[in-house]
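These notes are about the structure you will find just below.
The values are calculated or read from the model by the stated rules, or taken from the named source; none is laboratory data. Keep in mind the model is a prediction, meaning the values are calculated, not measured. Positions of Cβ are backbone-derived with ideal geometry, glycine not excepted, and every protein chain shown enters the neighbour counts.
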Amino acid sequence: RQAVADAGLAPARWDGSRVGVVLGVGVGGVSVLVDNAAKLAASGPEAVSPLLVPMMIPNAAAGEVAIALKAGGPSLAPATACASGATAVAVARDLLLGGSCDVVVAGGAESVLTPLVVTAFARMGALSTRNGDPAGASRPFAADRDGFVIGEGAAMLVLEREAGARARGGRPRALLTGAGSSTDAHHPTAPAPDGYGAQRAVQAALDQAGWTPSDVDHINAHGTSTPLNDAMETTLISRLFPHRPPVTAPKGVVGHTLAAAGAIEAVATVLTLERSVVPPIANLDALPDAFPLDCVTKEPRHQRVETALSHSFGFGGHNVALAFQRA
């Protein structure tokens, strides 16, 4: 609702049949599933909520948003793990370019902070063990990074074709000029270390935008604070962008919000374009010698940014890159 109002739109006045919703969710209502499994074991079938299914299924979030906004166009729920929010934005662009919708509300949401899920991530070695220093535990690209800090949240964007938005007097915050997707086809959880799978997504976004790598002014990195991801992403960025555009990684502040991460970071990228400010990476004092990146640290960097990429990668080898341009 906040995003729709910010865009100067109102469900009471739009043609809902031309409005789509694409909302990436990775897991779904895991807390109600766990609670009801315990109730079934302890008290039998009558204790299980009749609302368990709609509270559990991952597509329920997209359905609820469609109901709230009276959006009768396509309603989709891509699940590409930690790339889901970015996948949703890419799919929204396709719906607009294909003529299926005039407006698409797109983003990601995740709420999985339950003992079971947090324990599962810890058991697989994905989480930081810096338990004595929680504020400093998420350390994207730092030499002593040891895993991510799990979070939860949501972010939504409203997308329209530029001509339609300007014709109604809308004020675009930024232009989504390209979106690319690829799959590593390498491992269930680990990224391909050479970064070529992710590079295919980045190159596809660049091609759609009509850019060369040297045209990119800024990169919002996936930057999970895990040893494998940050090393792979460094390899990718340093190889494809030798002019060293400034890099940020919001997970140092917000943690890893899984399916919501790509949407949150897309919003951050849009704000960087709009406000000419690249935010710093939290808890990064110095890069490893092997990381030849221009990471923004300590303080925000005030500079005009015309073009920017936002990277999102997920378990299963899902890669998404979004190319944004100043409006």
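Assorted remarks:
- Residues of the stretch 236-261 satisfying the condition of being assigned to a helix (DSSP H, G or I) and within 25 Å of PHE121 (Cα to Cα): LYS251, GLY252, VAL253, VAL254, LEU258, ALA259, ALA260, ALA261
- Test: GLY26 is in a loop (DSSP other than H, G, I, E, B), in contact with a strand residue (DSSP E or B) (Cβ under 8 Å, 6 or more places away or on another chain) and more than 16 Å from LYS70 (Cβ to Cβ): yes
- Yes/no for VAL104 being buried (at least 21 other Cβ atoms within 10 Å of the Cβ), β-branched (Val, Ile, Thr), modelled with pLDDT of 95 or more and within 23 Å of the chain's Cα centre (by Cα): yes
- Selection count, the stretch 132-159, where residues are of a type outside the set (A, V, I, L, M), in contact with a Gly (Cβ under 8 Å, 6 or more places away or on another chain) and surrounded by 21 or more Cβ atoms within 10 Å (Cβ to Cβ): 6
- Counting only residues that are within 22 Å of LEU287 (Cα to Cα) and either free of Cβ contacts under 8 Å to residues at least 12 places away in the same chain or of a type in the set (A, V, I, L, M, F, W, C) (or both), the stretch 200-237 holds 8 of them.
- Any pair with Cβ under 8 angstrom, 6 or more apart, that starts in the stretch 184-199 at a residue that is closer than 8 Å to LEU236 by Cα and acidic (Asp, Glu) and ends at one that is at pLDDT 95 or above and outside any loop (DSSP other than H, G, I, E, B): ASP194/MET232; ASP194/THR235
- Qualifying position, being at pLDDT below 95 and under 27 Å from THR212 (Cβ atoms), among ALA290, ALA266, ALA249: ALA290
- Residue count for the stretch 91-124, restricted to those that are among the small types (Gly, Ala, Ser), assigned to a loop (DSSP other than H, G, I, E, B) and within 27 Å of THR224 (Cβ to Cβ): 1.
- Filtering the stretch 1-23 to residues that are part of a loop (DSSP other than H, G, I, E, B) and out of contact with any helix residue (DSSP H, G or I) (no Cβ under 6 Å at 6 or more places or on another chain) leaves ARG1, ALA7, GLY8, LEU9, ALA10, ALA12, ARG13, TRP14, ASP15.
- Condition check for LEU228: assigned to a helix (DSSP H, G or I) and either closer than 30 Å to ARG171 by Cα or aromatic (Phe, Trp, Tyr) (or both): no
- Matching option when the condition is polar (S, T, N, Q), closer than 27 Å to VAL117 by Cβ, out of contact with any Leu (no Cβ under 8 Å at 6 or more places or on another chain) and surrounded by 20 or more Cβ atoms within 10 Å (Cβ to Cβ), among THR272, THR224: THR224
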